[in-house]
Structures are given as C-alpha cells and as structure tokens.
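K.L.:
Quick one: the structure is below, questions incoming.
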Amino acid sequence: MRSYKDQAIIIRSHKLGESDRIITMLTSEHGLKRGVAKGVRKTTSKFGGRLEPFVHASILFHRGRNLDIITQAEVINPHQALREDFRKYLYGEALLEITMKSLQQDQQIPRLFEALSISLECLEQEVKSYELFLSAYELKVCGLIGYRPHLDQCIRCGKSELTKGAFLHLEGGGVICGHCQPSSSGGIAIDEQILRLTRLLLLSSMEEVASLETPPARARDILLLSFAYSEFYLEKPIQSHKVILGQLPPSIRKTPE
Amino acid sequence: MYYTPPIERLIAELARLPGIGPKSAQRLAFHIIKVPLQEAEDLAQAIVEARRKVQFCRRCFNLSEMELCEYCSDSRRDSSLVCVVEEAKDIVAIERTGEFRGLYHVLGGAISPIDGVGPEQLRVNELVSRIKEDKVEEVILATNPSVEGEATALYIANLIRSMGVKATRLASGLPVGGDLEYADEVTLGRALQGRREI
C-alpha cells in the first residue's frame, strides 16, 4: 500500500525549499515520524493551521523515497487553549520536546502517544502547579523508555527507611540512603518531602498531578531534579529547560547545579 | 579530493549557506564557474558590499545602511504607533500594503522553547525601553500567525499592557480568493471570532 492513515500529534516543523515544511510528529501506530507537507507555507494552502505544533490530527501519508508525503490532514483536537495562554504554551512545548527527544526516528514506544495526548488535554484545563506537572511527565517518559527512577528503597542496600537523608544518584537511576552515600559520589541531596512528592508524581495519573499543589520553592526543586534526571538518560540537552527556568517567578529562580 | 582545490573550497563555502546541501552547492559552484568572469565578480562584490555596509538600525533593528533606517529617520511617520515584526523582511510585506504610517520594531525571531529561544534571546527589552522613551501609544503585534508567533504576541501584550499602552494584534482569517470548504478549523474559528459588521 502506497498510502496509509494514522493519528499524529504535531511536534515541530522545519522550512523546506520555497513553500514546503518537514513536519516532525508522534504518530499513534508508526512512532516518531517526519513527513513533507508540500506548499504548507502558502496562504492558500489546504493544510492551513492543521500542521501546527500541538494539533492532534488524522493524517494521510503517501510513501516517499526518503520521507513520506502528507497528503491530507483532518483536525481531531487543535489544543487551542495552549495557544492562548503563554504559560501553557511554554510547558506544552517542553512536553513536545521531551517526547521527541525520547525517541529515534520511526521508533515506537507503546503508551507514549496516549501519554502525550492525555497530558496535552490536561494542560489545557486548570493546572495547579506547572512545575509539578512537567516534572511528572518527564519522569513518566523516562519510565516508558525503561529508566523509571527507583525511589522506594536505597539502590545499594535495599533499605526502604531513608530517614538519614537521601541522595538521587543519576548513574544508579534511583536514591541512595545517607549510610551508603560516599561523600565524593556527587548525588543530589533530596529531603523527605521532596522524595515523598516525587514518588506521588510517579504513582499518580496526569489528571491527578494537575490538581497537586506544593510551595513554589519545593516545586522548583522537583523540577530541577527531573530536568537533571531526564537530560542524563536522554543524553541530549533539552532546549526548553533553560527557557522555563528563565521564566520562573524571580522569587524562586535558581540556576541548576 | 575529487575537484581542484578552488572548486572544492567554493563548494564547501556554498554548502554552509542555509538550505544548501552538498548537491546544490556543487550545482551552484559549477554554474559560477561557467558564467562570464564579470558576472562572478559582481556576485562576489555584492556579497562583500552587503556584508560590510548593512547594519542594524539603532532604534528598530531593521537592516539599514545608516545608523537609523529609512523609516525611523522619516519625520512624517507616526512615532506613537509601533508595529512589532519577527524579521526585517516582514517590514517589506507590510510596507507593500501602503496602509501603515507608523514605525517598526524587529524582534529577531519568535519565542520557541523547543529551539531554546526565550524572550531573553529576542529584542523585547529594547522594545520596552523604546515604549517608555518614545511615548508610544499603540503597539501592533504583527508576528506570524503561527503557534510561536501567537505566543510571542501574548507575551509582549502582557508585558506592555501593564505599562498602560494599547496592544493590538493583526486580524487573522480567511485568505482572499480562498474557498470556505477548504479552510482549516483553526483559521475558520478565528475568522468567526473576529467577524465584523458590514
């Protein structure tokens, strides 16, 4: 079959030639795909705003030699609210970037499409703490690609009592208790409340995370923790992280260690 | 090395241009080799002259030969009205309409977190200082009607509204000469929201 249909969430696009674009998208059945939309930059293009970031659309592809050609697009959900609120746009872009960077071209990870779709829908609604929301998504995506952080017990001795303080050990993929933490190993110190809240983020659905609240400074610490963890395992810098840190309220702004 | 060194160098330099791959660079290089010497010299001179003489306007960051661009130095223009655009080439598009008599401000792009571009990377602070110093009354946000352009317009509108300055946005809707049945949901929705009485 030269043509096939799939649902996709548009992540980003690049200009190609005079009026075309290369669209990067997460599809439901074919994973991360790049396709060519011909003439999309012309004002009379039939695609119009259907291939803009955040749009969830049903797309008809025609197999090409290198990249497949997008021949039709029908909007399922434009996620309009993410275009009308700057903060929602900012965090929405971070969700798209982390999703894109967790996959290779044409790689398919079960449940990732569903996770992104649900998260974008939640982000359109009321979110109590955007920092917690993004942290939860990043840690859950790490989990989906096989790097779920182990936060329930010490990854060295197996003890679940972490009363003497805990440290997030990036290379080990989890927490180390105060007894096992050698002074020179460079784990990130985390207090009990942050640890408890981070565990809760991993266990809760994105709908539940959207209603969670915590003091802004603690939300920022969890955000920095999830940024360090996701960048370590994705082995790529996440561009939107520095933009988000620059837009935090001045009272809690802090550069990552 | 397959070609003689000067051609290799020309191909390598051309391939550094945006949108030019190795094959296109090779095609352009062979075209340059084939044209009369005078034509090749004119091209080289045009590149060097543009690079040497063109600078950013001190006030609006449009491209200009002088310290102030032709719009900023024109005293007949309304300095209380500023049109904010993403790139200098957008000014040309607006000027072609012949409808605008105010001044411009070139941001140098749009906010795009996925590309690492935040408000700090754009000329937003310069716009804010200009609004304060030049007694601007209205700012027209003419960024592209893309997701990035809309977000940039939202960010700037929030910033300048708190300064008591009127912020307006270019209308968006159906293209002239287009068919309603082919309009996408986002554009048609916008056109309905922004409908006006006739």
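K.L.:
Being among the aromatic types (Phe, Trp, Tyr), within 12 Å of chain B (Cβ to nearest Cβ) and not in a loop (DSSP other than H, G, I, E, B) is the filter; apply it to the stretch A:46-91 and report the residue that is farthest from the chain's Cα centre (by Cα). Give the steps one after another, and end with the answer.
P.N.:
Looking only at the stretch A:46-91, we keep the residues that are among the aromatic types (Phe, Trp, Tyr), and these are A:47, A:54, A:61, A:86, A:89, A:91.
Okay, now just the ones that are also within 12 Å of chain B (Cβ to nearest Cβ), so A:47, A:54, A:86, A:89, A:91.
Applying the additional criterion that residues be not in a loop (DSSP other than H, G, I, E, B) yields A:86, A:89, A:91.
Values: A:86: 17, A:89: 13, A:91: 9 Å.
Here the answer is A:86.
K.L.:
Evaluate the following for residue B:148: is it surrounded by 19 or more Cβ atoms within 10 Å (Cβ to Cβ), free of Cβ contacts under 8 Å to residues at least 40 places away in the same chain and in a helix (DSSP H, G or I)? Quick ask: steps written out before the conclusion?
P.N.:
Working: surrounded by 19 or more Cβ atoms within 10 Å (Cβ to Cβ): yes; free of Cβ contacts under 8 Å to residues at least 40 places away in the same chain: yes; in a helix (DSSP H, G or I): yes.
For residue B:148, the condition - surrounded by 19 or more Cβ atoms within 10 Å (Cβ to Cβ), free of Cβ contacts under 8 Å to residues at least 40 places away in the same chain and in a helix (DSSP H, G or I) - is met.
K.L.:
Now for a separate question. Which of the following residues is within 20 Å of residue A:52 (Cα to Cα), touching a strand residue (DSSP E or B) at 6+ places or on another chain (Cβ under 8 Å) and outside any loop (DSSP other than H, G, I, E, B): B:191, B:153?
P.N.:
Working: B:191 fails: touching a strand residue (DSSP E or B) at 6+ places or on another chain (Cβ under 8 Å).
Being within 20 Å of residue A:52 (Cα to Cα), touching a strand residue (DSSP E or B) at 6+ places or on another chain (Cβ under 8 Å) and outside any loop (DSSP other than H, G, I, E, B) holds for just one of B:191, B:153, which is B:153.
K.L.:
Moving to a separate point now. From the list A:245, A:202, A:212, exactly one residue is touching a residue at least 24 places away in the same chain (Cβ under 8 Å) and in a helix (DSSP H, G or I). Which is it?
P.N.:
Values: A:245 fails: touching a residue at least 24 places away in the same chain (Cβ under 8 Å); A:212 fails: in a helix (DSSP H, G or I).
None of the others qualify; the one that does is A:202.
Residues checked against (1) in a helix (DSSP H, G or I); (2) assigned by TED's automatic domain parsing to the domain that holds residue A:176; (3) under 17 Å from the mean Cα position of the chain (by Cα); (4) surrounded by fewer than 14 Cβ atoms within 10 Å (Cβ to Cβ):
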residue: A:121; (1), (2), (3), (4): yes, yes, yes, no
residue: A:134; (1), (2), (3), (4): yes, yes, yes, no
residue: A:147; (1), (2), (3), (4): no, yes, yes, no
residue: A:157; (1), (2), (3), (4): no, yes, no, yes
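K.L.:
For the stretch A:23-45, enumerate the residues that are more than 13 Å from every other protein chain (Cβ to nearest Cβ), part of a strand (DSSP E or B), touching a strand residue (DSSP E or B) at 6+ places or on another chain (Cβ under 7 Å) and touching a residue at least 60 places away in the same chain (Cβ under 8 Å).
P.N.:
Result: A:26, A:27, A:32, A:33, A:34.
K.L.:
Can you name the condition, by its number, that residue A:93 falls short on among (1) open to solvent by 30 Å² or more (accessible area, probe 1.4 Å); (2) in the same structural domain as residue A:248 (by TED's automatic domain parsing)?
P.N.:
Every condition holds for residue A:93 apart from (1).
K.L.:
How about the stretch A:220-257: which of its residues are touching a Pro at 6+ places or on another chain (Cβ under 6 Å), open to solvent by less than 20 Å² (accessible area, probe 1.4 Å) and either among the aliphatic types (A, V, I, L, M) or modelled with pLDDT under 90 (or both)?
P.N.:
If the condition is that a residue be touching a Pro at 6+ places or on another chain (Cβ under 6 Å), open to solvent by less than 20 Å² (accessible area, probe 1.4 Å) and either among the aliphatic types (A, V, I, L, M) or modelled with pLDDT under 90 (or both), then A:243, A:252 are the ones that fit.
K.L.:
When residues of the stretch A:47-63 are filtered for being within 20 Å of residue A:2 (Cβ to Cβ) and open to solvent by 30 Å² or more (accessible area, probe 1.4 Å), how many remain?
P.N.:
3
K.L.:
Take the conditions touching a strand residue (DSSP E or B) at 6+ places or on another chain (Cβ under 9 Å) and at pLDDT 95 or above and apply them to residue B:170. Does it pass? Reasoning before the result, please.
P.N.:
On the way: touching a strand residue (DSSP E or B) at 6+ places or on another chain (Cβ under 9 Å): yes; at pLDDT 95 or above: no.
No: the conditions fail for residue B:170.
K.L.:
For the stretch B:156-170, check the following and say yes or no: at least one residue is closer than 16 Å to residue B:111 by Cα, open to solvent by 50 Å² or more (accessible area, probe 1.4 Å) and touching a helix residue (DSSP H, G or I) at 6+ places or on another chain (Cβ under 7 Å). Lay out the reasoning, then the answer.
P.N.:
So the first thing to find is which residues in the stretch B:156-170 are closer than 16 Å to residue B:111 by Cα, and the list is B:156-159.
Now drop any that are not open to solvent by 50 Å² or more (accessible area, probe 1.4 Å), which leaves B:158-159.
If we keep only those that are touching a helix residue (DSSP H, G or I) at 6+ places or on another chain (Cβ under 7 Å) as well, we get B:158-159.
There is at least one residue in the stretch B:156-170 that is closer than 16 Å to residue B:111 by Cα, open to solvent by 50 Å² or more (accessible area, probe 1.4 Å) and touching a helix residue (DSSP H, G or I) at 6+ places or on another chain (Cβ under 7 Å).
K.L.:
While we're looking at this one, here's another question. Quick one: count up the residues across the stretch B:55-78 that are open to solvent by less than 60 Å² (accessible area, probe 1.4 Å) and either among the β-branched types (Val, Ile, Thr) or on the phi < 0 side of the Ramachandran plot (or both). Don't jump to the end; show me each part of the working.
P.N.:
Narrowing the stretch B:55-78 to residues open to solvent by less than 60 Å² (accessible area, probe 1.4 Å): B:57, B:60-62, B:64, B:68-69, B:71-72, B:74, B:77.
From what's left, either among the β-branched types (Val, Ile, Thr) or on the phi < 0 side of the Ramachandran plot (or both): B:57, B:60, B:62, B:64, B:68-69, B:71-72, B:74, B:77.
Summing the residues that are open to solvent by less than 60 Å² (accessible area, probe 1.4 Å) and either among the β-branched types (Val, Ile, Thr) or on the phi < 0 side of the Ramachandran plot (or both) in the stretch B:55-78 gives 10.
K.L.:
Taking the stretch B:80-107 only, how many residues are crowded, with 17+ Cβ neighbours inside 10 Å and either within 27 Å of residue A:97 (Cβ to Cβ) or out of contact with any Cys (no Cβ under 7 Å at 6 or more places or on another chain) (or both)?
P.N.:
Keep residues of the stretch B:80-107 that are crowded, with 17+ Cβ neighbours inside 10 Å, which gives B:81-88, B:90-91, B:94, B:100, B:102-107.
Within this subset, residues satisfying the condition of being either within 27 Å of residue A:97 (Cβ to Cβ) or out of contact with any Cys (no Cβ under 7 Å at 6 or more places or on another chain) (or both) are B:81-88, B:90-91, B:106-107.
Matching residues across the stretch B:80-107 total 12.
K.L.:
Let me ask you something else. When you scan the stretch A:181-199, how many residues do you find that are surrounded by fewer than 16 Cβ atoms within 10 Å (Cβ to Cβ) and part of a helix (DSSP H, G or I)? Full working, then the answer.
P.N.:
Filtering the stretch A:181-199 for residues surrounded by fewer than 16 Cβ atoms within 10 Å (Cβ to Cβ) gives A:182-186, A:189, A:191-193, A:196, A:199.
From the residues that got through so far, the ones that are part of a helix (DSSP H, G or I) too are A:192-193, A:196, A:199.
Total satisfying the criteria: 4.
K.L.:
Being polar (S, T, N, Q) and either within 14 Å of chain B (Cβ to nearest Cβ) or under 17 Å from residue A:205 (Cβ atoms) (or both) is the filter here; which residues of the stretch A:103-132 pass it?
P.N.:
Step one: list which residues in the stretch A:103-132 are polar (S, T, N, Q), which gives A:104-105, A:107-108, A:117, A:119, A:125, A:129.
A:117, A:119, A:125, A:129, listed by residue number.
K.L.:
Restricting the stretch B:111-127 to residues that are more than 11 Å from chain A (Cβ to nearest Cβ) and touching a residue at least 40 places away in the same chain (Cβ under 8 Å), which is least open to solvent (accessible area, probe 1.4 Å)?
P.N.:
Among residues in the stretch B:111-127 that are more than 11 Å from chain A (Cβ to nearest Cβ) and touching a residue at least 40 places away in the same chain (Cβ under 8 Å), the one least open to solvent (accessible area, probe 1.4 Å) is B:127.
K.L.:
Something else about it: Of the residues that make up the stretch B:128-139, is at least one at pLDDT 95 or above and within 14 Å of chain A (Cβ to nearest Cβ)?
P.N.:
Taking every residue of the stretch B:128-139 in turn, none turns out to be at pLDDT 95 or above and within 14 Å of chain A (Cβ to nearest Cβ).
K.L.:
Now for a different question. Being modelled with pLDDT under 95, in contact with a Ser or Thr (Cβ under 6 Å, 6 or more places away or on another chain) and either closer than 29 Å to residue B:156 by Cβ or among the aliphatic types (A, V, I, L, M) (or both) narrows it down to one of A:41, A:50, so name that one.
P.N.:
After ruling out the rest, the residue left standing is A:41.
K.L.:
Within the set of pairs 6+ apart or on separate chains, which have a first residue in the stretch B:68-79 that is in contact (Cβ under 8 Å) with a residue 24 or more places away in the chain, a second that is among the β-branched types (Val, Ile, Thr), and C-beta atoms under 8 Å apart?
P.N.:
Once the first residue is in contact (Cβ under 8 Å) with a residue 24 or more places away in the chain and sits in the stretch B:68-79, its partners that are among the β-branched types (Val, Ile, Thr) give B:71/B:91; B:79/B:136.
K.L.:
May I pose another question? Pull up the stretch B:1-54, narrow it to residues that are surrounded by 12 or more Cβ atoms within 10 Å (Cβ to Cβ) and of a type in the set (Phe, Trp, Tyr), then point me to the one that is modelled with the highest pLDDT.
P.N.:
Filtering first and then ranking leaves B:30.
K.L.:
Criterion first (within 19 Å of the chain's Cα centre (by Cα), more than 11 Å from every other protein chain (Cβ to nearest Cβ) and among the small types (Gly, Ala, Ser)) does residue B:167 satisfy it? Can you show your working first?
P.N.:
Details: within 19 Å of the chain's Cα centre (by Cα): no; more than 11 Å from every other protein chain (Cβ to nearest Cβ): yes; among the small types (Gly, Ala, Ser): yes.
Criteria not met by residue B:167.
The values are calculated or read from the model by the stated rules, or taken from the named source; none is laboratory data. Treat the numbers as computed from the prediction; the structure is a model and nothing was measured. Cβ coordinates were reconstructed from backbone atoms using ideal geometry, including for glycine residues, and neighbour counts include every protein chain displayed. Each accessible area value is taken on the protein alone, full model and side chains, heavy atoms only, with ligands, DNA and RNA left out. Shrake-Rupley method; radii C 1.70, N 1.55, O 1.52, S 1.80 Å.
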